[in-house]
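**Q** Just passing along the structure, written as structure tokens.
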Amino acid sequence: MFEFINDEDERGQVGIGTLIVFIAMVLVAAIAAGVLINTAGFLQSKGSATGEEASAQVSNRINVVSAYGNVNDSGSSEVVDYVNLTVRQAAGADNINLSKSTIQWIGPDTATTLVYDSGAANAENFTSSQIKGENDPVLVDQSDRIKVIMNASGITTDGLKAGEEVQLTLATQYGSKTTYWASVPESLKDKNAVKL
């Protein structure tokens, strides 16, 4: 059953062979452990970065406090020619720079994406003005309020008529989105401004 090796020379060769196999196994295990440690470190750093980005997208949002429209008598009927949103930071948000934000306008006859322009609002741009705070166009504190101004007459054919509505999606530099539905009242007669 068991073979006994009586020759001393043969006995040493078997021991060296076992030692070589053992060393090879240790080397393979060490290389595998190094690969696993590198992979775990890489996955940990990627997971941390992904978690921070996801957290920023969720928490760094804009809240729409109120919205109103300027009513303009265009001759035959009244229309809303400017849409104004009062915005602030959501709770727990970092600084939000409106100059790096976009607004997607999906209206009665137009769909477009507006970018910030410090000059004037037109068919492709929105602008802002400070209501409360000192950092226009950046929302620094939750108490800051900025008015976002969009030129409805430039974006749509004739402005927003009575009863029409537009979907506004505000996207920050962090990728978070806030959607607001601006609905024009059924009557604009004898009004200078209306709540949207």
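**Q** Looking at Ala56, Ala29, can you tell me which residue is at pLDDT 90 or above and either in the same structural domain as Gly133 (by TED's automatic domain parsing) or in a helix (DSSP H, G or I) (or both)?
**A** Details: Ala56 fails: at pLDDT 90 or above.
Every option except Ala29 fails the conditions.
**Q** Only one of these is in contact (Cβ under 8 Å) with a residue 24 or more places away in the chain and closer than 30 Å to Gln142 by Cα: Ala54, Ala67. Name it.
**A** Numbers: Ala54 fails: in contact (Cβ under 8 Å) with a residue 24 or more places away in the chain.
Residue meeting the stated conditions: Ala67.
**Q** To continue, here is another question. From the residues in the range 141-161 that are modelled with pLDDT under 90 and of a type in the set (Val, Ile, Thr), which one is surrounded by the fewest Cβ atoms within 10 Å (Cβ to Cβ)?
**A** Looking at the filtered set, the residue picked out is Thr157.
**Q** Let me ask another. Which ones in the range 88-99 are closer than 19 Å to Tyr180 by Cα and either at pLDDT 95 or above or charged (D, E, K, R) (or both)?
**A** The answer is Arg88, and nothing else.
**Q** Same structure, new question: Could you tell me which numbered condition Leu188 fails, if it satisfies all but one of (1) under 30 Å from Glu52 (Cα atoms); (2) in contact with a Lys or Arg (Cβ under 9 Å, 6 or more places away or on another chain)?
**A** (1)
**Q** Hey, can you tell me all the residues within the range 99-124 that are in contact with a Phe, Trp or Tyr (Cβ under 6 Å, 6 or more places away or on another chain) and either surrounded by fewer than 18 Cβ atoms within 10 Å (Cβ to Cβ) or more than 19 Å from Val166 (Cα to Cα) (or both)?
**A** Ser99, Thr112
The values are calculated or read from the model by the stated rules, or taken from the named source; none is laboratory data. In this text, all values refer to a predicted model and were calculated from it rather than measured experimentally. Positions of Cβ are backbone-derived with ideal geometry, glycine not excepted, and every protein chain shown enters the neighbour counts.
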